[in-house]
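Visitor: My questions will all concern the structure given below.
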Amino acid sequence: PSLEIERVNADSTRWEFGDPTAQAERIYDFELGAGYRHERYAADLNLYWMEFRNEILPYGGVDDDGLRRSVNAERSVHAGIELSARIDPIPNLSVSGNFSWSYNRLRDFTGQVDLYDAEWNSAGVADIDFADNIVPGFPEYLGNLIFDYRRGVFRGTWQQQLVGKQYLDPANTEDLTIEPFALSSVALAATLGDLFDLGSVTLSLRVNNLFD
């Protein structure tokens, strides 16, 4: 965790490391789910509501030791729906996927921002109410689609991933976001039989972020 760091005194080059800037968090998790299984297909649905007390959040910036600063939000909520499914449309081919939509909001959180004058001298701190802002680091949606083909000793896998927009600070600064993106990956593998009494050997090739 990031720690409070203070100079021993104004003339000293020594620093003292104090308490963590964030304390332990507590979670109350409520979920309701159902699923169905068949030889050739399956599906699952899950609903969840997670109440956080003192959720640990990235606060933006780093401390003097280069660690990301973290703080606690008094109360926050993560809720959503999760879907997953699999089907085997033809022999040797399996198509699976999952998708989640989530609601991630700060409910009770007042943060402090350092103030500076025109000469960059410290001018105190200001309290900012971050209530109802989106929790940083959590995309609104996530999705995966996977095609997995196996025949004999050969296997080929294609994965497509979708990730929604992510904020990086509790103020939801638009210039500090990761925009929605899609990511493609492909993998090829061949599993050989017993080789020189060393056991099974698998040769594989994988390319992540295929289309940059």
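The values are calculated or read from the model by the stated rules, or taken from the named source; none is laboratory data. Owing to the predicted nature of the structure, the values given are computational and were not obtained by experimental measurement. Cβ placement follows ideal geometry from the backbone for every residue including glycine, while neighbour counts extend to all protein chains displayed. Just so you know, the surface numbers come from the protein's heavy atoms only, side chains and all, with ligands and any DNA or RNA stripped out. Shrake-Rupley method; radii C 1.70, N 1.55, O 1.52, S 1.80 Å.
Visitor: For the chain, what is the convex hull (Cα atoms) projected area averaged across all directions, in square nanometres?
Guide: Projected over every direction and averaged, the Cα hull of the chain covers 19.3 nm².
Visitor: Got a number for the accessible area of Thr13? Probe 1.4 Å, square angstrom, nearest 10.
Guide: Counting only protein heavy atoms, Thr13 exposes about 120 Å² to solvent.
Visitor: Where the centroid of each part is defined by its Cα atoms, how far is region 141-212 from region 43-102 in Å?
Guide: Comparing the Cα centres of region 141-212 and region 43-102, I get a distance of 18 Å.
Visitor: Just the Kirkwood number for region 98-165, please: inverse of mean 1/r across all distinct Cα pairs, in Å, one decimal.
Guide: About 16.4 Å for region 98-165.
Visitor: Would you work out what percent of the accessible area of the chain, with all protein chains in place, is carbon or sulfur (probe 1.4 Å)?
Guide: Within the chain, the accessible surface is 56 percent carbon and sulfur.
Visitor: In square angstrom, what is the accessible area per residue of the chain with a 1.4 angstrom probe?
Guide: Using a 1.4 Å probe on heavy atoms only, each residue of the chain averages 68 Å².
Visitor: Determine, for each peptide in 37-46, 69-78, 94-103, the mean count of other beta carbons within 10 angstrom over its residues, then list the peptides with the highest first.
Guide: 69-78, 94-103, 37-46
Visitor: Got a sec? Which residues in region 122-139 would a label at Lys165 touch, if it sits 7 Å along Cα→Cβ and we count backbone N under 16 Å?
Guide: What the label zone holds, given the 16 Å backbone N cut-off, is 133-139.
Visitor: Also: Just to be sure I understand the model, the point goes 7 Å from the Cα along the line to the Cβ. What's the resulting Val125 to Leu183 distance in nm?
Guide: 3.5 nm
Visitor: I need the phi-derived Karplus couplings for region 42-53: 6.51 cos²θ - 1.76 cosθ + 1.60, θ = phi - 60°, integer Hz, Gly and Pro marked x.
Guide: Along region 42-53, the couplings run 7, 8, 9, 9, 9, 10, 9, 9, 10, 9, 9, 10 Hz.
Visitor: To the nearest 10 Å², what's Asp117's accessible area with a 1.4 Å probe?
Guide: Rounded to the nearest 10, that gives 60 Å².
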